Amino acid sequence: MSNIWTIISLSVALVATSCRDGMRSSVTADGDTLQLKYAELIEIVRHKGYSEVNVYDPWHKGKMLQRYVLVAHGHRENEALPHGTVVEVPLRKVIPMSTVHAELMADLGCREAIVGIADLQYVKMPYVVEQCKAGRIADVGSSISPNVEKIIDVSPDALLVSPFENSGGYGRIEETGIPFIECADYMEATPLGRAEWMRFYGMLFGKEKTADSLFSAVDSIYHALKSVAAKAADRRSVVMDKNTGSVWYVPGGRSTIGTMLADAAADYAFADESKAGSLALPFETVLHKAGDSDVWLFRYSGSSPVTYADLLNEYRGYGELKAFRNRMCYGCNVEKTRFYEETPFRPDYLLGDFIRILHPDVSLPGDLRYFQLVYDE
Amino acid sequence: MGRRTVLCLCMVVGVAALFAANVAFGAVSIPLHDVLGILGGGDPSKESWRFIVLESRLPQALAAILSGSALAVGGLMLQTAFRNPLADPSVFGVSSGAGVGVALAVLLFGGSVSVGSLSLSGFIAVLFAAFVGAMVVIVVISFFSLMVRSSVMLLIIGIMIGYVSSSMTALLNFFATDEGVKSYVVWGMGNFSGVSMRLMPSFAIVVIVTLFVALCMAKPLNILLLGDRYASNLGVNVGRMRTALLVMTGILTAVVTAFCGPISFIGLAVPHLSRLLISTDDHRVLLPATAIMGAVVALACNLLCVIPAGGSIIPLNAVTPLVGAPVVIYIILKSKR
C-alpha cells in the first residue's frame, strides 16, 4: 500500500514537472505554438493580440474542420486577423449542446456562463436543473434539432456543438451568426487526447491556468495509475459490455475503452482488434473468444441496480460466461452515475475503477466510482 | 412423377440441407465432428460450443423455418384476398404496430413494462410490447374490414395506420437516449435469434396451428381468385373470409415480428418466387409450396448473415432485400411486357 502511494506521489511530481515542460510553447515567426502532448485534432498558436486555434477534420485526414481566431472583447476589427471564425473571449454566455461540456464548464469554475442547455432530460447537474426550473437557463430542446428561437432569445456568445460526419451542417442556426465551437474532442484517439481539449476550452472561458492545472493533474494521476497497473502481479481477464438486441458491441482494441483497458494492464480478448470503434459481434463469437474472462464489466441504464436474475432474463446465454457463473460481474448504471458526464475529461477516474476491479492485489484509496458488483437480489 | 412434385421435393431437400448448414456454420468455426457429437449428446472439445450449437444455432434455424413459412404464407393470402401483387404482411401496419409497442417499451419505459402486478423487463418486455402493438393494429384493421367493402380502400386504411404508427415511433425516437435509439434500431434490423429453446414451443405451436388453418383455406382462396361477385355466387361470404384472412395473417406477423423483429421482403417476394417455380395459382399446391419456399429463403438469408469473416455478422434485413428486390423488379418488368 505504501509502495503504491510512493509510486503515485513520485509520478505526480515527475509528471507535474514534465507537464510544465509540456505546456511550454515553441516561438516562431509564425506565432507561438502551444505544445499539446496528446491531442491530435487541435493546434493552438498564439499571436500578438489574438490566438489561432485550428481544429482538424477527424474524418478527412489533412483537412481542417474549423479555424477559430480568439480575440479579447472589442478587438474583432483588428485588420491583422487571419481568416476564420472570430470568437471574442472570454465567453460570457454559452450554450453547451452536451452535458459533457456543461460539466467541464463547472469544473473550470465558469458554470455561470451557461445560459442555455440541450437535452435537458438527461442533464444530472443540480445547478443546471435548478437554474432551468427558475428560468435562468434556457432549455433549447434536442441537441440534434434545437429550438432556434430559444437560442436567439438568449443571444449567446457561442454554441458548443459536437460535430458529426456528413451531418449536413447546423441548419438555420448557422444563419444567426452565433459562433459554433465544434467540439471534436470525442474523436480523439486516446483518453488523454480528449481530456487535453480542456486547455482550448479554458482559453475560451478565460480559465486557461485553471484548465492547464486540471489537465496536469489528470495527466499525472492517469500515468501514476498506469504504472501501478503495469507492475501488478495479479491480472484478471475481462469482457466488456453486453448484448444490444442480437448484437454485442465490443469495444475495439484502439477504442477509448480498449486503450484504457490496455493502460489498466488488463487481459482483454479483443485487445488485438485494431478498430477504433466497436465491433458488432454475435453472442457466439463473444462466448467463444471471451467467455472464459474472469470479470465481466458492462454499462446499463435502469432505475434500480441490475441483478443476476435480470441478466438471465434478458438473455439466457449470459449464464454461460465464466464471470457470470463465478459472480464476478460489475455493472455501471449510467442513469445513477455520472459516467458519461465525467469520464471524457476525467479518464483517470475510470482507469482507477478498472484497476481496482482487475488487479485485486493493488489497493488504491477510495471506492469504485462507476462500476458496482452485481448482486443476486 | 410430375414436375411440381419434383420441385416440391427439391425444396424439402433444400430446407434440410440449409437447416444442417445453419447448425454447422456460424460466426465461430466449430469442427463438423464436434457439431455432430454435440447433437448426438456427446462432449465437445470446448464446453461453450454446446451452448452455441444447441441453444443458439439450433433454435435460430428452427425460428427461420417457422418465420419464413409464416411470413410467406401471410403474404400469399393477402395478395390473393386483395388481388394486389404488392400486398404483404407489413402493408397493413402490423409490423409498424409492433414497432410502436417496442418503441414504447424501449424508448419511453426504459426497457421494462408493468401491467398490474406483472412486471416485465429485457427481451420479454420487448416481446410482450411488440405482440400487443401488433394485435392492436389487427383489431383496428379487422374493425375497418367489417365497415369498408372495397379492398383497395381497406389497403389504404392499412397504409394510413402504418403512417400513424411510424409517426409515433419517430416522435419516441426523437426524444430517446442514444442507447434507446440504438436498441430500437437493432431490433428493427430483424434476427432469428430471438426465439430461445425455452420459448420455442409456444412460438412453434402458434405458427404451426395458424399455418394449418391457412392450408385448410386453400379452396376458398381459389374461389376468391375468380373475383368477389363470383365468389359470393359460389356461396363464399367474402367479407367474413377477408376478415378471417386478415386475422390469421395478423397473428402470424405479430408473433414473428414480436420474436424476430420486422423482417422485410420475405412476405412480399416468396409468394411470387413460388408462383414462378410452380407455375400455378391453385392454392392447394401454392400454399404448401410457399410455406416451404419461405423456409428455404429464410434459412438462406440467415446463413448469409454469418458470411463475413472474423466472427462478425450482418443484419438480417440487409440480406432479405437482396433476395426480395430482384423478384419484385422482375414481376414489374414482366407485367409491363
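The values are calculated or read from the model by the stated rules, or taken from the named source; none is laboratory data. If you're wondering where the values come from, they're calculated on a predicted model, not measured in any experiment. Backbone-built Cβ (ideal geometry, glycine too); neighbour counts: all protein chains shown. Heavy atoms of the whole protein, side chains included, go into the accessibility calculation; ligands, DNA and RNA do not. Shrake-Rupley method; radii C 1.70, N 1.55, O 1.52, S 1.80 Å.
Quick notes on this one:
- Which numbered condition B:PHE203 misses (of (1) outside any helix (DSSP H, G or I); (2) touching a Phe, Trp or Tyr at 6+ places or on another chain (Cβ under 9 Å); (3) not polar (S, T, N, Q)): (1)
- Once region B:161-187 is narrowed to residues that are more than 9 Å from every other protein chain (Cβ to nearest Cβ) and open to solvent by less than 20 Å² (accessible area, probe 1.4 Å), the residue that is modelled with the lowest pLDDT is B:ALA176.
- Failed item in (1) part of a helix (DSSP H, G or I); (2) touching a residue at least 40 places away in the same chain (Cβ under 8 Å); (3) within 13 Å of chain A (Cβ to nearest Cβ), with B:SER196 passing the rest: (1)
- Selected residue [touching a residue at least 60 places away in the same chain (Cβ under 8 Å) and within 12 Å of another protein chain (Cβ to nearest Cβ)] from B:GLY158, B:GLY190: B:GLY190
- Scanning region A:119-152 for residues that are under 24 Å from A:PRO163 (Cβ atoms) and assigned to a helix (DSSP H, G or I) turns up A:LEU120, A:GLN121, A:TYR122, A:VAL128, A:VAL148, A:GLU149, A:LYS150, A:ILE151, A:ILE152.
- Looking only at region B:111-125, and only at residues there that are open to solvent by 20 Å² or more (accessible area, probe 1.4 Å) and among the hydrophobic types (A, V, I, L, M, F, W, C), the one that is modelled with the highest pLDDT: B:ILE124
- Taken as a whole, the structure leaves B:LEU58 outside the set of residues that are in contact with a Leu (Cβ under 9 Å, 6 or more places away or on another chain), farther than 30 Å from B:ASP281 by Cα and without any contact (Cβ under 8 Å) to a residue 60 or more places away in the chain.
- Residue tally, condition in a helix (DSSP H, G or I) and within 9 Å of chain B (Cβ to nearest Cβ), over region A:276-290: 7
- Residue in region A:30-72 that is surrounded by the fewest Cβ atoms within 10 Å (Cβ to Cβ), counting only those that are outside any loop (DSSP other than H, G, I, E, B) and basic (Lys, Arg): A:ARG67
- Each residue in region B:261-317 was checked for being aliphatic (A, V, I, L, M), within 14 Å of chain A (Cβ to nearest Cβ) and open to solvent by 20 Å² or more (accessible area, probe 1.4 Å), and 8 pass.
- Filter pass, B:LEU215 being at pLDDT 85 or above, open to solvent by 20 Å² or more (accessible area, probe 1.4 Å) and away from chain A (no Cβ under 14 Å): yes
- Where a residue in region A:175-197 is open to solvent by 20 Å² or more (accessible area, probe 1.4 Å) and its partner, wherever it lies, is polar (S, T, N, Q) and part of a loop (DSSP other than H, G, I, E, B), with Cβ under 7 Å and at least six apart: A:TYR186/A:SER162
- Restricting region A:289-303 to residues that are out of contact with any helix residue (DSSP H, G or I) (no Cβ under 9 Å at 6 or more places or on another chain) and small (Gly, Ala, Ser), the residue that is least open to solvent (accessible area, probe 1.4 Å): A:ALA290
- Some residue of region A:183-196 being under 20 Å from A:SER51 (Cα atoms), at pLDDT 90 or above, in contact with a Leu (Cβ under 6 Å, 6 or more places away or on another chain) and in a strand (DSSP E or B): no
- Residues that are away from chain B (no Cβ under 14 Å) and modelled with pLDDT under 95 within region A:237-258 comprise A:PRO251, A:ARG254, A:SER255, A:THR256, A:ILE257, A:GLY258, listed in sequence order.
- Matching entry among B:LEU36, B:LEU108 (being surrounded by fewer than 20 Cβ atoms within 10 Å (Cβ to Cβ), at pLDDT below 85 and among the hydrophobic types (A, V, I, L, M, F, W, C)): B:LEU108
- Any hit, region A:103-112, residues being closer than 26 Å to A:THR210 by Cα, assigned to a helix (DSSP H, G or I) and touching a Lys or Arg at 6+ places or on another chain (Cβ under 6 Å): yes
- Answer from A:PHE354, A:PHE324 - the residue that is more than 23 Å from the chain's Cα centre (by Cα), part of a helix (DSSP H, G or I) and more than 11 Å from every other protein chain (Cβ to nearest Cβ): A:PHE324
- Residues in region A:121-155 that are away from every other protein chain (no Cβ under 14 Å) and of a type outside the set (A, V, I, L, M): A:PRO126, A:TYR127, A:GLU130, A:GLN131, A:CYS132, A:LYS133, A:GLY135, A:ARG136, A:GLU149, A:LYS150, A:ASP153, A:SER155.
- Taken over region B:64-98, residues that are in contact with an Asp or Glu (Cβ under 8 Å, 6 or more places away or on another chain) and surrounded by fewer than 24 Cβ atoms within 10 Å (Cβ to Cβ) amount to 1.
- Among the residues making up region A:291-302, those that are among the charged types (D, E, K, R) and facing chain B (nearest Cβ under 9 Å) are A:ASP292, A:ARG299.
- Residue match in region A:359-377 (condition: crowded, with 23+ Cβ neighbours inside 10 Å, more than 15 Å from A:LEU261 (Cβ to Cβ) and either of a type outside the set (Val, Ile, Thr) or within 14 Å of chain B (Cβ to nearest Cβ) (or both)): no
- Scanning region A:77-134 for residues that are touching a residue at least 60 places away in the same chain (Cβ under 8 Å) and among the polar types (S, T, N, Q) yields A:THR85, A:SER98, A:THR99.
- Conditions (1) part of a helix (DSSP H, G or I); (2) among the charged types (D, E, K, R); (3) within 14 Å of chain A (Cβ to nearest Cβ): number failed by B:LYS46: (1)
- Listed conditions (1) over 26 Å from B:ALA295 (Cα atoms); (2) hydrophobic (A, V, I, L, M, F, W, C); (3) assigned to a helix (DSSP H, G or I) are all met by B:LEU226, apart from (3).
- Looking across B:SER264, B:SER312, B:SER232, one residue alone is within 30 Å of A:SER278 (Cβ to Cβ) and over 19 Å from the mean Cα position of the chain (by Cα). It is B:SER312.
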